[in-house]
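Below: one structure, written as structure tokens.
The values are calculated or read from the model by the stated rules, or taken from the named source; none is laboratory data. Keep in mind it's a predicted model, so treat the numbers as computed, not measured. For neighbour counting, all protein chains shown are included, and Cβ atoms are generated from backbone atoms with ideal geometry for every residue, glycine included. Ligands, DNA and RNA are stripped out before the accessible areas are found, and what is left, the full protein with its side chains, is counted by its heavy atoms. Shrake-Rupley method; radii C 1.70, N 1.55, O 1.52, S 1.80 Å.
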Amino acid sequence: MEQPQHGLTRIQSYYPDLSETEKRIADYILQFPEKMMYQSITQVAEDIGVATSTVFRFCKRMGFKGYQTMKLAIAAEIASPIREMVEEKIQEQDQERAITEKIFNTSIRTFKDTIQMMDFSTLKKAVNLILAAERIEFYGIGASGIVALDAHHKFIGSGLSTVAYTDPYLQVRAASQLTDKDAAVIISTDGTGEDVTRLLETVKETGAKIIAITSFKRSPLSQKADLVLNTVSSDRELRTDDTFSRIVQLSLIDSLYMNVINAKKATGTNAIEKIKNFFQ
């Protein structure tokens with residue numbers, strides 16, 4: 001089995017679904033990754049106050065063969081220049097330049113972490129699914145709703161039939177009218193909550209295909225979607241209103257759109273030129 005390359009990023013992605021004991025281990029590793037580099041699994045277990053076997057099982061759950069392979073992945077990750085730039089969190093005494101640099105550097109890091117973890121075969125399947133659908137509906141609430149609206153705005157230029165819904169009530173009503181020839185793109189950072197669950201159940205009943213854009217791999221959305229495009233969330237200490245998740249989601253939508261447009265060009269269809277003709 002191929003081992004994951006990014007331990008800290010993986011831990012952040014799985015964090016919401018961890019047990020309380022697993023979160024204690026995750027918190028320790030995320031807070032003291034450099035210290036962990038010089039510790040044995042026994043020393044880490046003693047610091048946290050858990051059994052060595054518990055730390056080993058945590059490593060396995062994160063997708064690693066054991067403690068050493070996870071430690072090597074984390075060592076490579078914390079050596080990244082971009083990670084070094086954003087180790088410091090925003091402090092009350094920070095001035096405008098310091099805050100701005102930290103925000104920008106965290107965005108850069110989130111982009112790089114996402115691209116390094118991305119499954120491009122799944123991205124290709126998502127593009128093909130969108131191309132084959134008779135209708136594509138984008139769903140998102142709150143910050144993710146902005147991404148859904150942006151997706152609709154872009155895909156208007158693809159020649160495909162699209163719409164976006166950000167109100168939970170309208171989402172369910174619209175989703176109930178989908179067919180097995182349609183596609184639903186559900187955007188949600190955590191992929192949880194009553195509104196997401198209700199929407200998922202509604203879409204599933206229609207037979208429409210579901211493409212999920214989310215950060216957490218073990219969420220209900222990730223488990224029930226036909227295709228999952230994962231984005232990486234920023235560190236929990238810096239994240240406010242899903243700022244960094246939203247930025248990456250917007251770029252992922254851009255990538256989907258450009259891949260769809262490129263595929264349509266290959267078939268001799270160029271919807272963008274039709275739009276340009278109306279604005280000359």
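Could you list, in sequence order, all residues of the stretch 197-215 that are of a type outside the set (A, V, I, L, M) and either open to solvent by less than 10 Å² (accessible area, probe 1.4 Å) or on the phi > 0 side of the Ramachandran plot (or both)?
Hits for the stretch 197-215 are Gly207, Thr214, Ser215.
Looking only at residues in the stretch 183-196 that are open to solvent by 10 Å² or more (accessible area, probe 1.4 Å) and not hydroxyl-bearing (Ser, Thr, Tyr), the one that is modelled with the lowest pLDDT is Asp190.
Would you please name the residue that is most open to solvent (accessible area, probe 1.4 Å), looking only at residues in the stretch 104-115 that are more than 12 Å from the chain's Cα centre (by Cα) and not basic (Lys, Arg)? Filtering the stretch 104-115 for residues that are more than 12 Å from the chain's Cα centre (by Cα) and not basic (Lys, Arg), the one most open to solvent (accessible area, probe 1.4 Å) comes out as Phe104. Taking first residues from the stretch 121-137 that are touching a residue at least 12 places away in the same chain (Cβ under 8 Å) and of a type in the set (Gly, Ala, Ser) and partners that are open to solvent by 60 Å² or more (accessible area, probe 1.4 Å) and not in a helix (DSSP H, G or I), the Cβ contacts under 8 Å between residues at least 6 apart in sequence or on separate chains come to Ala133/Lys181; Ala133/Lys209.
For residues that are β-branched (Val, Ile, Thr), outside any strand (DSSP E or B) and farther than 15 Å from Val147 by Cα, scanning just the stretch 178-218, find the one that is nearest to the chain's Cα centre (by Cα). Checking each candidate, the answer is Thr192.
For the stretch 82-103, the set of residues classified as at pLDDT below 80, open to solvent by less than 60 Å² (accessible area, probe 1.4 Å) and either hydrophobic (A, V, I, L, M, F, W, C) or within 19 Å of Val248 (Cα to Cα) (or both) consists of Ile82, Arg83, Val86, listed by residue number.
Among the listed residues Gln31, Gln43, which satisfies the condition of being open to solvent by 60 Å² or more (accessible area, probe 1.4 Å), of a type in the set (S, T, N, Q) and modelled with pLDDT under 90? Result: Gln31 is the single residue among Gln31, Gln43 that is open to solvent by 60 Å² or more (accessible area, probe 1.4 Å), of a type in the set (S, T, N, Q) and modelled with pLDDT under 90. Within the stretch 5-28, the set of residues being in contact with an Asp or Glu (Cβ under 9 Å, 6 or more places away or on another chain), open to solvent by less than 50 Å² (accessible area, probe 1.4 Å) and closer than 16 Å to Leu72 by Cα comprises His6, Gly7, Leu8, Thr9. With respect to being in contact with a Gly (Cβ under 9 Å, 6 or more places away or on another chain), open to solvent by 30 Å² or more (accessible area, probe 1.4 Å) and either modelled with pLDDT under 90 or closer than 30 Å to Ile247 by Cα (or both), Ala79 falls outside the description.
When the stretch 216-238 is filtered for residues that are more than 19 Å from Arg10 (Cβ to Cβ) and crowded, with 18+ Cβ neighbours inside 10 Å, the ones remaining, listed by number, are Pro220, Lys224, Ala225, Leu227. Among the residues of the stretch 119-146, those identified as charged (D, E, K, R) and modelled with pLDDT of 95 or more are Lys124, Lys125, Glu134, Arg135, Glu137. Reported count of residues in the stretch 1-54, each being assigned to a helix (DSSP H, G or I), of a type in the set (Gly, Ala, Ser) and out of contact with any Ser or Thr (no Cβ under 8 Å at 6 or more places or on another chain), is 3.
In the set (1) open to solvent by 70 Å² or more (accessible area, probe 1.4 Å); (2) farther than 30 Å from Tyr14 by Cα, Ser158 fails one condition alone, (1). Among the residues of the stretch 124-155, those identified as among the aliphatic types (A, V, I, L, M) and surrounded by fewer than 16 Cβ atoms within 10 Å (Cβ to Cβ) are Ala132, Leu149.
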